[in-house]
1. Can you name the number of the only condition in (1) open to solvent by less than 20 Å² (accessible area, probe 1.4 Å); (2) more than 10 Å from every other protein chain (Cβ to nearest Cβ) that residue A:61 fails?
2. So is residue A:123 modelled with pLDDT of 80 or more, closer than 22 Å to residue A:174 by Cβ and within 14 Å of another protein chain (Cβ to nearest Cβ) or not?
3. Those residues that are open to solvent by less than 60 Å² (accessible area, probe 1.4 Å) and either under 17 Å from residue A:164 (Cβ atoms) or touching a residue at least 40 places away in the same chain (Cβ under 8 Å) (or both), I need them from region A:116-132; list them, please.
4. Quick check: is even one residue across region B:47-55 touching a helix residue (DSSP H, G or I) at 6+ places or on another chain (Cβ under 9 Å) and open to solvent by 50 Å² or more (accessible area, probe 1.4 Å)?
5. Exactly one condition in (1) within 19 Å of residue B:189 (Cα to Cα); (2) in contact with a strand residue (DSSP E or B) (Cβ under 8 Å, 6 or more places away or on another chain) is not met by residue B:285; state its number.
6. Please specify each residue of region A:74-95 satisfying the condition of being open to solvent by 30 Å² or more (accessible area, probe 1.4 Å), at the interface with another protein chain (Cβ under 8 Å from one of its Cβ atoms) and of a type in the set (A, V, I, L, M, F, W, C).
7. Could you tell me whether region A:176-185 includes any residue that is over 30 Å from residue B:48 (Cα atoms), open to solvent by less than 10 Å² (accessible area, probe 1.4 Å) and of a type outside the set (Lys, Arg)?
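The values are calculated or read from the model by the stated rules, or taken from the named source; none is laboratory data. Being a predicted model, the structure only gives us computed values, none of them experimental. Because the Cβ atoms are built from the backbone with ideal geometry, glycine has one as well, and the counts that use them run over all protein chains shown. Accessible surface is based on the protein model in full, side chains and every heavy atom, while ligands, DNA and RNA are left aside. Shrake-Rupley method; radii C 1.70, N 1.55, O 1.52, S 1.80 Å.
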Amino acid sequence: MSTKDAVVADKVTKMYKMYANGKEKMKDLILGRSNAQNFYALKGITFKAQEGDCVGLVGMNGSGKSTLANIISGISCPTSGTITMNGIPSLIAISSGLNGQLTGIENIEVKGLMIGLTMKEINDLKKSIIEFADIGEFIYQPVKVYSSGMKSRLGFAISVNINPDILVIDEALSVGDPTFTQKCLDKMNSFRENGKTIFFVSHSIPQVRNFCNKVMWLEYGMMKAYGTSEEVLPMYERFLNNYNNMSKAEIEEYQNNVIENQSHLLIKK
Amino acid sequence: MSAFEIKTEIALSEINKITISVDKQNEKDKYAYYIYKNDKIIEKISYTSNNVNVYWVTEPGEYKVKVFVKNQQGEKNSAFTEPIDFEGLKPIICSAQENESSFRWLKNIIIIFREIWQNRMRMIRLSLYDYSLANKDSYLGRLWSILNPLIQIGTYWFVFGIGIRNNKPVGNHPFLPWMLCGLIAWFFFSYSITHGASSIYSKSGTALKLKYPVSTIPMGSILVGFYNHLVVLCILVIMLFFFGYYPNLYWLNLLYYFLYEFVFLTGFAMITSVLTMIARDFQKLLSSLIRLWFYLTPILWNMDNLPNFVQFILRLNPALYIVTGFRDSLIYKNMFFIHTNKILFFWTLNVILIVIGCNLQMKFRNRFIDML
């Protein structure tokens, strides 16, 4: 396995402003100041991932996994910090980048055109995409009538067939049936062997354990742990067990502690 | 007295990761760890076969680990690692990265234009595809791009030509071809103004997620309108034939007006598409104002009888420049370069629009995804 860095993140921070109402938002846009609260979806995420790595992103809801997935795939920009990618990233999320009004075929064509393929190249790819998606006659129907599984199948089929260097999978596998999930995992394994990097957001610990060699654990926007799956997953599981056994008051106390601990790390400007 | 010795190592790496490693003496040994912070146990890790363990710390303090080793015979021993100081995570100063430099506004324009040039084939292919998709959800499909203008032309001709003017000619020219030249130019103009404003928003679902160069979207939307315009122009040419206007060299002036219009609409769309992303109200406002703009432009009525200063003000309207340009080329047989003042004024306006447009695009384009 090569050791070339594929993704290098340096103190990546993402801040959103929470406006109480539309008036506050307009005030901020026009005057550049407001009473909006700063919400940090990510704080100072620093890590490196090498080519051929498969990094599992774990954490509870609202921990910033999807925000980080968006940043790694280059869709959204960090508020501060930098992220460097050696290669073309591609994001797969449930129904991401699909236009509900268009049919499956048209979606393949639009996506292909948008990433810069010619009509001829798209026609060459179409067959393998349709074959991989395996949704039958639905490929000629508008995407709005698809089930969430079909959307995920089509999205996945398009993304893996356009040959990305960095693949970011945001819970897209959680809606597929086991046969399709297996097909995707096989495909991803062949990607890894070709030295491509994969980021894998999932709540399924067995999937992460089987498939990822590294795991990043996010908690309230901060990186709690990043290392090999053998190192991080047991710790995460222990934490989940503890958390499930906590009483409501304890959970609240825990959350307050973490958030307080994290908020003083940031100098607000 | 310990049955065997324990050698441990502790190290802090990767900002906040503590690695504890124990010298492995026997394959079957089991290890347990107690993590201490300031001499208080904060976590216990029960017996495993891992002789290397990692722990991530967030709060500052002095950390040490008590390592327990259990061998196959059930003998136990424990030892403390060296204490290790963790100063806490470094504060992060949040600031948006905006590199201020002189001539930033000029560099922005170069960046946008370079991007459009590099992605021109992508933009053209996508605009052709968008054009082929338009109207596909109706039974008559493509036919609507002809039917819709024909119905509008019929309505305006009936109300303004027959109803108000009694079919009186404009100067030496019949009303219908005179109105058509303006109206068909206006169709493209108004289509591009409204669709240009919503261009980025309507594409945001796919374009932003696929990292399609957003800077080409406003121009792409103008291209889609332009293909339609070329089709509708056929109606104009056929009608002009009926009234005895045949193609001549003056018609080539249209190429100049196409160019002017294309630059104007692109610049305008660059600005309005960003404003629409910031506040969706802007597009609603624009689609109401476009009605007013239509009647303030002398397309259906002749302004020759108005006082001079009113005419002067009305002439500052770019839409009128194009409408007059169409009439000059197709009916009046005037070359575009006889109006030097107008060329100067309207191209200066174009440059201003492009400068503002490119800078707005650069300022906001990284934030579009958060504006949805």
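1. Unmet for residue A:61, out of (1) open to solvent by less than 20 Å² (accessible area, probe 1.4 Å); (2) more than 10 Å from every other protein chain (Cβ to nearest Cβ): (1).
2. Details: modelled with pLDDT of 80 or more: yes; closer than 22 Å to residue A:174 by Cβ: no; within 14 Å of another protein chain (Cβ to nearest Cβ): yes.
Spelling it out, it is not the case that residue A:123 is modelled with pLDDT of 80 or more, closer than 22 Å to residue A:174 by Cβ and within 14 Å of another protein chain (Cβ to nearest Cβ).
3. Going residue by residue through region A:116-132, those that are open to solvent by less than 60 Å² (accessible area, probe 1.4 Å) are A:116-118, A:122, A:125-126, A:128-130, A:132.
A:116, A:117, A:122, A:125, A:128, A:129, A:132 - these are the residues of region A:116-132 that are open to solvent by less than 60 Å² (accessible area, probe 1.4 Å) and either under 17 Å from residue A:164 (Cβ atoms) or touching a residue at least 40 places away in the same chain (Cβ under 8 Å) (or both).
4. In the first step, residues of region B:47-55 are kept if they are touching a helix residue (DSSP H, G or I) at 6+ places or on another chain (Cβ under 9 Å); the result is B:48, B:50, B:52-55.
From what's left, open to solvent by 50 Å² or more (accessible area, probe 1.4 Å): B:50, B:52.
Within region B:47-55, one or more residues are touching a helix residue (DSSP H, G or I) at 6+ places or on another chain (Cβ under 9 Å) and open to solvent by 50 Å² or more (accessible area, probe 1.4 Å).
5. For residue B:285, the failing item is (2).
6. Once the filter is applied, which keeps residues that are open to solvent by 30 Å² or more (accessible area, probe 1.4 Å), at the interface with another protein chain (Cβ under 8 Å from one of its Cβ atoms) and of a type in the set (A, V, I, L, M, F, W, C), region A:74-95 yields only A:77.
7. Of region A:176-185, the ones over 30 Å from residue B:48 (Cα atoms) are A:176-184.
Remaining after also requiring open to solvent by less than 10 Å² (accessible area, probe 1.4 Å): A:180, A:184.
In the following step, the residues that additionally are of a type outside the set (Lys, Arg) were identified as A:180, A:184.
Within region A:176-185 (the criterion being over 30 Å from residue B:48 (Cα atoms), open to solvent by less than 10 Å² (accessible area, probe 1.4 Å) and of a type outside the set (Lys, Arg)), the answer is yes, since at least one residue qualifies.
The rows are residues; the columns are (1) assigned to a helix (DSSP H, G or I); (2) on the phi > 0 side of the Ramachandran plot; (3) outside the structural domain of residue B:356 (by TED's automatic domain parsing); (4) of a type outside the set (A, V, I, L, M).
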position: B:223; (1), (2), (3), (4): yes, no, no, no
position: B:226; (1), (2), (3), (4): yes, no, no, yes
position: B:232; (1), (2), (3), (4): yes, no, no, no
position: B:235; (1), (2), (3), (4): yes, no, no, no
position: B:246; (1), (2), (3), (4): no, no, no, yes
position: B:263; (1), (2), (3), (4): yes, no, no, no
